[in-house]
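The next block holds one structure in the form of structure tokens; read it before the comments.
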Amino acid sequence: MVKAAGGFFTVRDTEGRVHLCRARGRLKKRGDSILVGDRVKFQPPATGEGAKTQGGAGTGVIEELLPRRSVLLCPPVANIEQVVLVMALKKPAPDWHLAGRLLLQAEQQSLSVLCCLNKIDLVTAAEIEALSGMLEPFPYPLLWSSAKEGVGIDRLREKLRGRSSVFAGPSGAGKSSLLNAVQPGLSLKTGEVSEKAGRGRHTTRHVELLALEPDGFVVDTPGFFKLSLTGLVPEELGALFPEFASYLGRCSFRNCNHIHEPGCAVREAAASGAINPRRYEQYRLFWQELTGKER
Ligand SMILES: Nc1nc2c(ncn2[C@@H]2O[C@H](COP(=O)(O)OP(=O)(O)OP(=O)(O)O)[C@@H](O)[C@H]2O)c(=O)[nH]1
Ligand SMILES: [Mg+2]
Ligand SMILES: [Zn+2]
């Protein structure tokens, strides 16, 4: 399923033809939402003479939802392998907190991650250097890009090739612009960032799966500003920070929460800079949020 809007689902068949469908009643009753990226069994629209004269009117029916390999809740998309987190360096300013939440979601689903830092044309070389220092060490690959000036686009195209990816990040970060740069034929709509609020204007309205040349799929999504930590228990949080992995068994306490326990290997690593202290600080914030504890 490649797009959902107004109760209709656009389904692409194995030959690449698209069909407008509705969902079988029992699918709706079970409360399963059909997500973009879902593989489905469907009855294509009838193709009788009547349907043709009406410009191919008539809708097909989605009969069955096939098992998923992965599911992301925000943005809602199924069966993807890679999350491309897109942040602008300016206009709008990066929201690392939101980025951290998205990264947790990707880890929960064991998806691979690419962090795209876009609009490098708007910052100075010195600012880039300062930011690089701040982000070091970072447990995910970083790609510095400018959709406007074509920087990093070849590398991005290479990273998308032959896989299924989803672009996620705040409105105005440049998700659709980057995709247009990767593949101009997509002709996705892009929108100005508001001068006053410094925010995007929610130009992309629907989650949509797009086919890439020569192979691969990518899902463009509407930007968002908020993301809650649903379905997470605090004890699982440490395992979702991949850079903690080599320290987790080395804390003095076996059930260490890495907050204030003495002899905590994670805290020591953050203090020495072996773990990025900013990432550790995020861990603490998310821990507080999940446990409701202030410290
Ligand atoms: N200077 C500069 N502007 C960019 C760059 N990439 C995108 N923009 C501009 O940023 C604005 C927002 O871009 P979009 O591609 O619509 O952003 P989006 O992330 O798709 O936003 P939503 O669809 O609202 O989620 C547009 O005016 C783009 O022209 C870039 O690398 N440099
Ligand atoms: Mg967009
Ligand atoms: Zn610890």
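The values are calculated or read from the model by the stated rules, or taken from the named source; none is laboratory data. Just so it is clear, the model here is predicted, and its values are computed rather than measured. No Cβ is skipped: glycine too gets one built from the backbone with ideal geometry, and neighbour counts run over all protein chains shown.
Points to keep in mind about this one:
- The residues on offer are Ala269, Ala239, and the sole one that is surrounded by 16 or more Cβ atoms within 10 Å (Cβ to Cβ), part of a helix (DSSP H, G or I) and not assigned by TED's automatic domain parsing to the domain that holds Met87 is Ala269.
- Some residue of region 118-130 being surrounded by 15 or more Cβ atoms within 10 Å (Cβ to Cβ), within 23 Å of Leu285 (Cα to Cα) and at pLDDT 95 or above: no
- Checking each residue in region 199-242 for being among the charged types (D, E, K, R) and more than 13 Å from ligand 1 (Cβ to nearest atom) picks out Glu213, Asp215, Lys226, Glu235, Glu236.
- Residue check for Ala274: over 30 Å from Gly174 (Cα atoms), in a helix (DSSP H, G or I) and more than 10 Å from ligand 3 (Cβ to nearest atom): no
- Residue, modelled with the highest pLDDT, within region 222-270, restricted to residues that are of a type in the set (Val, Ile, Thr) and within 28 Å of the chain's Cα centre (by Cα): Val266
- Within region 160-178, the set of residues being within 14 Å of Lys148 (Cα to Cα), more than 8 Å from ligand 2 (Cβ to nearest atom) and of a type outside the set (Gly, Ala, Ser) comprises just one member, Leu178.
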